[in-house]
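Everything below concerns the one structure shown next.
Every read-out reported here was derived from the displayed coordinates using simple, explicitly stated rules and does not represent laboratory data. The structure displayed is predicted, hence computed values, not measured ones. Methodologically, a virtual Cβ is constructed for each residue, glycine included, from the backbone with ideal geometry; neighbour enumeration extends over all protein chains shown.
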Amino acid sequence: MSTPEPMNRAHVEAALERAGLKLSPEQVDEIHRISGYVRDYLAELNVERPMSVEPALTFKMPVP
């Protein structure tokens with residue numbers, strides 16, 4: 001797996017500002033550093049999937 005390119009620094013800072021987070025410069029640097037992974041993860045989450053892959057559907061609860 002290759003290391004994803006971080007998102008645009010200004011976009012990361014704007015998102016943190018909109019979220020109302022008060023972070024130290026070191027924390028912002030760390031979030032910016034991993035922002036490419038976050039973007040890729042969110043893209044994976046926002047994919048249409050059939051209901052059958054829902055983890056909650058893999059367990060059968062006993063009827064009391």
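A few notes on this one:
- Label point distance in nm, Y37-S2, each placed 7 Å from Cα along Cα→Cβ: 1.8
- Compared with the dominant Cα axis of the chain, that is its longest principal axis, helix 9-18 is turned about 70°.
- Qualifying chymotrypsin sites (Phe, Trp or Tyr not before Pro) in the chain, where qualification requires a DSSP coil assignment and no more than 14 other C-beta atoms within 10 Å, comprise F59.
- Averaging the sequence gap over all C-alpha pairs within less than 8 Å and six or more residues apart, then dividing by the number of residues, gives the chain a relative contact order of 43 percent.
- Pairwise FRET efficiency - E48 versus H11, Cβ, R0 = 25 Å, nearest 0.05: 0.50
- Rounded to the nearest 10 degrees, the angle from helix 25-45 to the longest Cα principal axis of the chain is 40 degrees.
- Based on every Cα atom in the chain, Rg and the maximum pairwise Cα distance Dmax equal 17.8, 54 Å.
- Computed over the chain with a Gaussian network model linking Cα atoms closer than 10 Å, the most mobile of E54, E44, E30 is E54.
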